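Worksheet: the structure to be examined is printed underneath.
The values are calculated or read from the model by the stated rules, or taken from the named source; none is laboratory data. What you see is a predicted model; the values in this text were computed from it and never measured. For neighbour counting, all protein chains shown are included, and Cβ atoms are generated from backbone atoms with ideal geometry for every residue, glycine included.
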Amino acid sequence: MLLIHVQRITPRVSYTFKQMCKRILGLDIDLTSKIEPFIAHDGPKLSYGKQPLGKELYFQSVDLLFEHGLNDVDIQVFDWEETKCFFDVKHADSALPFDIFAAAFYLLTRYEEYLPHVKDNMGRFPAAESIGYIHDFLQDPVIDIWAHKFKKVLLEKYPDLEFREKKFTIIPVFSVAQTFVYKNKGVLRSIGGGIRDLWKLQFDKLTDRIKVLIGLKRDPYDIFDFIIQLQKKKKRKAKALFGLGDYSKYEKNVGYNRPKHHAVIKHIADYIDVGLKVSYEAISDLSLLKKEKLRIENIVNRRLQYSLCSFFKIKLPEAYRNFIELEVGEDYSMGYPKQSGFRAGTCSPFMFYDLDYEVQTPLVVYSFCFASQGDREDINDLMSARKEISTYIDKIKKVNGVFIPVFSNTLFSDLQNEPFWKSILEFIWTTEDE
């Protein structure tokens, strides 16, 4: 156990030290603001503050973890030991040249997303506005890298300090906006689709549509048996998140109440975890979210645990507050749609911290670093996809983190012009957990 002295134990201090020490490094800690027991403690200890108390292991702080609310934060990024960092400190006795805990808090809480910024055409915080993108460290899980450098400093001072070692894991996530492309769409939508195929002279597509509708061919988007076969070969904590919103400009799935739709969801739920892809409209509408939550719960007969926001649109903090209100346990939306990298600077799950209320919440955020919905212009063949994914796997393995790729089920259909994605998924699924 490591004893940590801070002049004041704030919610921010408690949250950050627990994430860095307990959740990432597996190190038990105790926080104290009292000097006497700290001085008397003869075991491993450190202090965090403006000045050291004596000759102890010391980490200088900036003000961020002792503030309330949002303030203008001066960010000066600099290179250090083959990584990037910010919130530099000047005290000669500080064990690190920057406030690792304040920097981690800034990224984990998505502090910058609360500040004024230019949204994209979907109302999302764009990758190009992020500090990670601007300063070229978006592709690195910097918080986990920092944590392991912090661990090295601790072990130099206290070589007998015990850490519970985490293991590298992979969680494939499937975002299902359309369970079927032809099947169960209803008479009017099927006729309309056929007329559209004729108008565009897409006769192959029309033939496929007819074969599916009369039962001669499996619907191209129904690729769930492929996923199930992978799961039978090697068990993964995979997630399939289904869109069950009402038909709209953004939601095109088949009706949530169709028996064959239920059958597919129930079938895959026998093998992997199933959750909700929250519709675009329900992201900021609690009443709609409640309806969609009840739909998935009634289909799988279990409480909703897993969520993903359509188009990865996370409106902070409202979207996450709604999930917490409905007791959703885990969210998989934290990432950018067309830009790979670590939106929150980490490859470890973390609790959502509400900056408005200054409180750690029970919602666990799982940050993905790679997503493809069939719209990645930078990845157009097997080699480029495998190279990028292998790079992320190698980086995450070094810090014993969690690799989370997000795929649309449509990516693996015969309608796609990129058949290599099935090979990519097989490669990810069979990668060794080392």
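Report yes if some residue within the stretch 139-159 is in contact (Cβ under 8 Å) with a residue 40 or more places away in the chain, under 24 Å from Ser408 (Cα atoms), in contact with a strand residue (DSSP E or B) (Cβ under 8 Å, 6 or more places away or on another chain) and not in a loop (DSSP other than H, G, I, E, B); otherwise report no.
No, the stretch 139-159 has no match at all.
For the stretch 136-147, how many residues meet the condition of being buried (at least 16 other Cβ atoms within 10 Å of the Cβ) and more than 18 Å from the chain's Cα centre (by Cα)? Walk me through how you get there before you give the answer.
Initial filter on the stretch 136-147 (buried (at least 16 other Cβ atoms within 10 Å of the Cβ)): 137-147.
Add one more test, that the residue is more than 18 Å from the chain's Cα centre (by Cα), and what stays is 146-147.
Total meeting the criteria: 2.
Does the stretch 89-110 contain any residue that is among the polar types (S, T, N, Q), crowded, with 20+ Cβ neighbours inside 10 Å and within 21 Å of Gln19 (Cα to Cα)? Show your work before the answer.
Initially, the stretch 89-110 is screened for residues among the polar types (S, T, N, Q), giving 94, 109.
Pick out the ones that are also crowded, with 20+ Cβ neighbours inside 10 Å and you get 109.
Checking which are within 21 Å of Gln19 (Cα to Cα) leaves us with 109.
The answer is yes; a qualifying residue exists.
If we only count strands (runs of 3 or more DSSP E) wholly inside the stretch 1-82, which ones have 3 or more residues that are surrounded by 13 or more Cβ atoms within 10 Å (Cβ to Cβ)?
2-6, 29-32, 45-49, 57-60
Residue under question is Glu251, and the condition is that it be surrounded by fewer than 18 Cβ atoms within 10 Å (Cβ to Cβ), over 25 Å from Phe427 (Cα atoms) and charged (D, E, K, R); does it hold?
No, not satisfied.
Search the stretch 309-322 for residues that are under 20 Å from Val118 (Cα atoms) and not assigned by TED's automatic domain parsing to the domain that holds Ala240 and pair each with any residue that is part of a helix (DSSP H, G or I) and at pLDDT below 95 when their beta-carbon atoms are under 8 Å apart and the residues are at least 6 apart or on different chains.
No pair meets every condition.
Is it the case that the stretch 239-254 has a residue that's β-branched (Val, Ile, Thr) and in a helix (DSSP H, G or I)?
no
Just to be sure I understand, how many residues within the stretch 301-343 are β-branched (Val, Ile, Thr), buried (at least 22 other Cβ atoms within 10 Å of the Cβ) and not in a loop (DSSP other than H, G, I, E, B)?
Residues that pass the stated criteria total 0.
Among (1) in contact with a Phe, Trp or Tyr (Cβ under 9 Å, 6 or more places away or on another chain); (2) among the hydrophobic types (A, V, I, L, M, F, W, C); (3) modelled with pLDDT of 95 or more, there is one condition Ala128 misses while meeting the rest; what is its number?
Only one criterion in (1) in contact with a Phe, Trp or Tyr (Cβ under 9 Å, 6 or more places away or on another chain); (2) among the hydrophobic types (A, V, I, L, M, F, W, C); (3) modelled with pLDDT of 95 or more is unmet by Ala128, namely (1).
Hey, Glu112 hits all of (1) part of a helix (DSSP H, G or I); (2) within 28 Å of Lys55 (Cα to Cα) but one; which does it fall short on?
Only one criterion is unmet by Glu112, namely (2).
May I ask you to list the residues in the stretch 52-97 that are under 22 Å from Leu316 (Cβ atoms) and among the aliphatic types (A, V, I, L, M)?
The answer is Leu64, Leu65, Leu70, Val73, Ile75.
Give the residue that is nearest to Leu161 (Cα to Cα), with candidates limited to residues of the stretch 44-56 that are among the small types (Gly, Ala, Ser) and modelled with pLDDT of 95 or more.
Here the answer is Ser47.
At pLDDT 95 or above, surrounded by fewer than 20 Cβ atoms within 10 Å (Cβ to Cβ) and not β-branched (Val, Ile, Thr): is that true of Gln373 in this structure?
Against the criterion (at pLDDT 95 or above, surrounded by fewer than 20 Cβ atoms within 10 Å (Cβ to Cβ) and not β-branched (Val, Ile, Thr)), Gln373 does not qualify.
Can you work out which of the residues in the stretch 110-132 that are under 17 Å from the mean Cα position of the chain (by Cα) and of a type outside the set (D, E, K, R) is nearest to Phe342 (Cα to Cα)?
Gly132
Please verify whether Phe174 is farther than 27 Å from Ala371 by Cβ, crowded, with 20+ Cβ neighbours inside 10 Å, modelled with pLDDT of 65 or more and not basic (Lys, Arg), treating the condition exactly as stated.
Details: farther than 27 Å from Ala371 by Cβ: no; crowded, with 20+ Cβ neighbours inside 10 Å: yes; modelled with pLDDT of 65 or more: yes; not basic (Lys, Arg): yes.
In short, no.
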